[in-house]
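Colleague: Structure incoming, see below.
The numbers here are math on the coordinates, done by the rules we state, and not lab data. Quick caveat: nothing in here was measured; it's all calculated off a predicted structure. Cβ coordinates were reconstructed from backbone atoms using ideal geometry, including for glycine residues, and neighbour counts include every protein chain displayed.
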Ligand code: HEA
Ligand code: HEA
Ligand code: CUA
Ligand SMILES: [Cu+2]
């Protein structure tokens, strides 16, 4: 009887491994459209190594649960210490993880490095439940904001008297980006936490009220993609959706001006 | 206990502690009034704060006379956890300040 | 396993008190650790907000009468001394001395609370509120009320415990260990004040 | 002091455990076993509530476009014209998460089994301070009532997520549930923390001071080590959340600005006083996140460690084999417990925290996988050349091993801060923590229930029913939570009322429907457990003293143990609890209390 149940558990585990592995070979990540391919590479290697660990440990579990199921006359071994073996697997695991860590920290440093000087600066301000997008305009300077001036018509409280604000380009839920040029997104929030998530660009960063946060990346292909909010921000969290339009660099100014007409 | 064995009043140690604590407190107040450099003041005050804590814990709460394990457990538990809180959280305030919208 | 043998020798082997303290006292000490960490959490929040603030922190000596705070400190430290004496007296069987010193401790505690009530009234009079204050960032007032209020509530509960202990001591119902435990709590409250005094009033 | 100590155990037996009237014996009991069962059953009922909430979540995620008039009949407040209200969805996951984490899976294994097992496994008549223990349960119950009552207040239960991030949780008008519901959430949590602290004090002191003669720390069963560590984690970590909760309460009701910065604008209305002065100034939402996760991460190990302990005890019993690497197992637990204090920032990689700090936390997070690996490998080595008896508890224990691997490995993905950029706040995270936390920890509780049932009720649980429950749960569990990895990698955010608003998520609906069907089957399978539990408690087969032929102290006393735990003197211990199948004995197990054999090592 024990053999049968052992077999059952072993089979269930094998099936799990097979199905899980099969589906993990499918391309789940949304297609990449930015220069953050290194994140995909990291995911690939992580999948590979954890996948191997997953398969090996589970197959061992399956094998043992069948092979060592109780049988008449059987007696378990009396074996409960083996320092060499224990140190070996501890150190091997530590070594594998150390490699991961090393790689991960390098990548993290790269992602968090300062944006290039020629980066296009866009300010994105989260608000329940919309993304306010602002470009500096010709003068290259973003106008001052003052929250006490915020209103229905002026959601981010732009100070109209500030000369720098005159040519600021304001858009709602629409983000235009030139292809191939680094963009530095400066995030703010008017009310609660939001998270600026561009699934196709491997970009995510929280917008925190009272604080400036930022992230930068380079869009590599033209097209229209979605902006999502990834931090619970209230009952409209699920529909805090925007659009990114990556346009050829040459058309960028024109497209932006056109969009600003509305 | 050990104090009585030495033939002195068992209460002597408390009064001595009391006197030291008062002296330290007065010293701290004077340092405050002296307009010392900030870093020195901070170091001075924090060190003597710890001295006071040790005096109270050791003499009034008798940790000095307990098994060392108890003192380690208490001091270690409080200090290590507080240190983590302070190093990882309170120090993060510098970053937050830098990013604060003014 | 020689670790086991060592443990069996050392009081960690079971059937003994590894810290040489009864379970009551061990429990009291562990309670003190968690309660101390509660203050640690509050102080950490205070430190964070103070250092992250954009407005200058007020100079404490211009807001508080430091001499008065020093007096409060004096009262609390003195009450700790008499408490320690009460504990030792009880252990040595000097019942009368224990009781007298317990009562003195209570008087000290009540004096401290009185001073604190006075201090609060004064400051509220001068415009200090939880939401803001005349001297600097709102965090100054918030931290003040939260820290001293929380400490004050500990003093208050300490006084209540001491009153109960004193009454029971007068009725000869409290064993020496009971007084010792009340004492531990009282000294702890004093200890917390040392930190608040330095970190909030002086730094 | 010293003599009070020695007589303590006997005094207990005489004074605390004389036959008493029903109400004192079973309701306001001070007996650790009764209190443990009270905790356990309360947690079960809470699990029922939170499980039902999960079903509603799943239905919504699969068919947001469909109307369900019958659901509206059941929960009229949450639906309008058959469709769920978005704010109700937020309340669902908030309360589901809060109840499951704190009121179910911190309670059943720790407060429930901790209370039942500690005195039995360390050889004590009761917990050190039975009165405090009873008080702790009643405080917990008040917490349960408070948190449940929030469903019935105006504007509904808390809706800011189980993490209650301000400003959402601090501004009553930011989300409907941020009204009274959020206040009740805080109050409920404070009661919970108070109760857990009282319990923790008892746990630590009992394990330290009331161990029976010969029971060195190095001879404790791993379950006891886990309880010891869990209590310490709770005592050291919970105060930070208490402090933060106080501040949040102040922000909500007294107008302070601990977590609220200047410049807030809600619904295009600047938050300023009539005179134009900002209502809030100088606070930081990040402070809450730090203080919350300072507790939050140790908390998830509070859920996990007991299951790891149970699993080691159960595996060895049904393998008839000594635990492999006892010292490494204890060391791994110590390492996990210690490291759990320096990893919390992995929940905050993208929160606006300093990237340097993020690096430090990534180091801690990846490090913690090493002791976890040691646990897994040692279990596998325990299974090697064993003699597995497939009883229900063993199946659950194997399930724990399986789920701990599956759920733990995804932690290694998330711990790499750069990879977390894509995966943070997606269903991948939900998959991770349901496999490892909800899964492994819950399976541990199920296993422990089947294993120690004799000590709770003096009876055995029904085997066929138990096995059916295991198999259904095991299969549907993976069916529910494994596909969530795929959904998460694709980018489906968590806490989303309707994922299909987004074009890039539209294609995921069939998978989500599959998950939901599996989840409903999973939920339905739990009926078997409830039936088995209550039926066996009253009608199950009577259990002998040591039905599994295990070694521990708890198996040296009748099932259920009498008041005072041992009818006679408390036995003395002579060895570790895992002496199975030693070569020099006929029997395949040697009780901890058997006198030393000639030439025996331990
Ligand atoms: C019981 C609870 C529990 C446990 C034990 C863990 C264990 C781990 N967790 Fe998990 N975690 C949660 C509960 C838990 N977690 C919860 C509830 C959340 C979400 C909270 C929220 O936001 O609501 C979360 C979220 C979470 C995040 C944040 C994700 C995000 O929001 O973006 C991260 C990131 O680092 C993380 C990492 C880890 C790691 C590295 C471990 C490790 O300890 C795992 C170690 C185990 C193994 C690695 C498996 C066994 C090892 C081997 C088989 C050996 C070989 C392995 C290799 C060589 C790779 N967890
Ligand atoms: C430890 C806890 C735990 C457990 C057991 C579960 C169980 C389940 N959870 Fe939950 N879940 C969380 C903790 C848990 N969850 C947390 C912390 C969150 C995050 C909340 C947030 O975002 O704020 C979450 C969020 C969450 C989401 C994401 C919502 C969103 O972000 O939009 C989903 C969606 O599918 C989900 C589904 C389920 C399902 C189908 C189950 C099923 O397994 C349920 C089936 C029922 C059971 C398995 C209960 C069975 C037990 C018994 C009946 C008796 C047991 C007896 C004792 C314990 C004594 N959960
Ligand atoms: Cu904005 Cu979610
Ligand atoms: Cu964590």
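Colleague: Roughly what would the spin-label model give for residue C:61 and residue D:75, points 7 Å off Cα along C-beta, in nm?
Modeller: Roughly 6.1 nm, to one decimal.
Colleague: Then there's this: Mind sorting C:171, C:55 by how few other Cβ atoms lie within 10 Å of their own Cβ, fewest first? Present the calculation step by step, with values, prior to reporting the outcome.
Modeller: Working: C:171 8, C:55 13.
Fewest-to-most Cβ neighbours within 10 Å comes out as C:171, C:55.
Colleague: Ordered by packing density, taken as the mean number of other Cβ atoms within 10 Å over each peptide's residues, highest first, how do D:584-596, D:28-40 rank? Mind showing how you got there, number by number?
Modeller: Values: D:584-596: 16.2, D:28-40: 23.0.
The packing order, highest mean first, is D:28-40, D:584-596.
Colleague: Still on this model: Would you mind giving the mean number of other chain beta-carbons within 10 Å of the Cβ of each residue in D:216-227, as a whole number? The partial results should precede the final answer.
Modeller: Values: counts 13, 7, 10, 6, 1, 0, 0, 0, 0, 0, 0, 0.
Taking all residues of D:216-227 together, the mean is 3.
Colleague: Per residue of A:191-201, count partner chain C-beta atoms within 10 Å of its C-beta, then hand back the mean as an integer.
Modeller: 6
Colleague: Percent relative contact order of region A:131-197, based on C-alpha pairs within less than 8 angstrom and at least six residues apart? Show your work: numbers first, answer last.
Modeller: On the way: 78 pairs, mean separation 22.6, N = 67.
Once divided by the residue count of region A:131-197, the mean separation gives 34 percent.
Colleague: Using 5 Å bins from zero, what percent of all Cα-Cα pairs in region C:99-203 falls into each bin?
Modeller: 3, 12, 19, 20, 15, 11, 8, 6, 4, 2, 0
Colleague: Counting DSSP beta bridges in chain A, what percent are antiparallel, to the nearest 5? Walk me through the intermediate numbers first.
Modeller: On the way: 29 of 42 bridges.
Once the DSSP bridges in chain A are tallied, antiparallel ones form about 70 percent.
Colleague: Next question, about the same structure. Order D:153-165, A:249-261, C:39-51, B:78-90 from most to least packed using the mean count of other Cβ atoms within 10 Å. Each step should come with its number before you reach the end.
Modeller: Working: D:153-165: 21.8, A:249-261: 13.3, C:39-51: 23.6, B:78-90: 18.5.
Packing proxy ranking, top to bottom: C:39-51, D:153-165, B:78-90, A:249-261.
Colleague: In whole Å and largest first, what semi-axes does the C-alpha gyration tensor of region D:555-597 yield when each eigenvalue is scaled by 5 and square-rooted? Mind dumping the intermediate values first?
Modeller: Numbers: eigenvalues 113, 25, 11 Å².
They are 24, 11, 8 Å, listed from largest to smallest.
Colleague: When ranked by the protection proxy of mean other Cβ atoms within 10 Å per residue, highest first, what sequence do the peptides C:21-29, B:62-70 form?
Modeller: Working: C:21-29: 22.6, B:62-70: 16.6.
Sorting C:21-29, B:62-70 by mean packing, highest first, produces C:21-29, B:62-70.
Colleague: Report the Stokes-Einstein translational diffusion coefficient (µm² s⁻¹, integer) for chain A, Rh taken as the Kirkwood radius over Cα pairs, at 25 °C with viscosity 0.890 mPa s. Before the final figure, lay out each step's value.
Modeller: On the way: Rh = 22.5 Å.
Taking Rh from Cα pairs, D becomes 109 µm²/s.
Colleague: Mind pulling the angle between the C-alpha long axis of helix A:37-67 and the longest principal axis of chain A? Nearest 10 degrees, somewhere in 0 to 90.
Modeller: With rounding to tens, the tilt is 20 degrees.
Colleague: Given R₀ = 30 Å, what would the calculated FRET efficiency be for residue C:94 paired with residue C:153, taking r from the Cβ atoms and rounding to 0.05?
Modeller: Details: r = 32 Å, r/R0 = 1.08.
So the FRET efficiency works out to roughly 0.40.
Colleague: For peptide A:112-119, what's the mean number of Cβ atoms from other chains within 10 Å of each residue's Cβ? If you can, show how the numbers build up before the last one.
Modeller: Values: counts 7, 1, 0, 0, 0, 0, 0, 0.
If you average over the peptide's residues, the count of other-chain Cβ atoms is 1.
Colleague: Could you tell me the relative contact order of region C:126-175? Use alpha-carbon pairs under 8 Å, at least six residues apart, and round to a whole percent.
Modeller: Numbers: 23 pairs, mean separation 9.0, N = 50.
Relative contact order of region C:126-175: 18 percent.
Colleague: Any chance you could give the angle, 0 to 90 degrees and rounded to 10, that helix C:176-196 forms with the longest Cα principal axis of chain C?
Modeller: 30 degrees
Colleague: Once chain C is represented by equal point scatterers at the alpha-carbon sites, with solvent omitted, what log10 I(q)/I(0) does the Debye formula produce at q = 0.08, 0.09, 0.12, 0.18 Å⁻¹?
Modeller: -0.36, -0.45, -0.71, -1.17
Colleague: So what is Rg over Rh here for the protein assembly as shown, counting just Cα atoms and using Kirkwood for Rh? Provide the component values of the computation, followed by the final result.
Modeller: Numbers: Rg = 30.9 Å, Rh = 31.7 Å.
Using Cα coordinates only, the ratio equals 0.97.
Colleague: Once each part is reduced to its C-alpha centroid, what is the distance from region C:12-53 to region D:180-194 in angstrom?
Modeller: After rounding, the separation between the Cα centres reads 23 Å.
Colleague: In what order do D:225, A:45, D:379 fall by count of nearby beta-carbon atoms within 10 Å, going from fewest to most?
Modeller: Numbers: D:225 23, A:45 15, D:379 29.
Least to most surrounded, the residues fall as A:45, D:225, D:379.
Colleague: Compute the helix-to-body angle for D:326-339: its Cα long axis versus the longest principal axis of chain D, expressed 0 to 90° and rounded to tens.
Modeller: Result, in degrees: 30.
Colleague: Still on this model: Based on other C-beta atoms within 10 Å, arrange D:424, D:563 from fewest to most. Intermediate values should be presented prior to the final figure.
Modeller: Numbers: D:424 27, D:563 21.
With the fewest neighbours first, D:424, D:563 line up as D:563, D:424.
Colleague: Separate question: Relative contact order for chain A: what percent, with Cα pairs under 8 Å and sequence separation of 6 or more? Walk me through the numbers on the way to the answer.
Modeller: Working: 418 pairs, mean separation 49.6, N = 262.
Relative contact order, chain A: 19 percent.
Colleague: Quick check: the distance between the Cα centres of region D:469-507 and region D:247-267, to the nearest angstrom?
Modeller: 35 Å
Colleague: Okay, moving on. What is the Cα centroid distance between region A:121-163 and region D:130-165, reported in whole angstrom?
Modeller: 42 Å
Colleague: Using the beta-carbon distance between residue D:152 and residue B:20 and R0 = 41 Å, what value does 1/(1 + (r/R0)^6) give for FRET efficiency, to the nearest 0.05? Please report the intermediate quantities before stating the final value.
Modeller: Numbers: r = 58 Å, r/R0 = 1.42.
Rounded to the nearest 0.05, the efficiency is 0.10.
Colleague: Next question, about the same structure. Given a cut-off of 14 Å, what percent of all Cα-Cα pairs of region D:161-221 lie beyond it? All intermediate terms of the calculation are to be shown ahead of the outcome.
Modeller: On the way: 1242 of 1830 pairs.
Across region D:161-221, Cα pairs with separations above 14 Å total 68 percent.
Colleague: Put a dot 7 Å past each Cα toward the Cβ at residue A:22 and residue B:38; how far apart are the dots in nm?
Modeller: Label at residue B:38, label at residue A:22, 6.6 nm between them.
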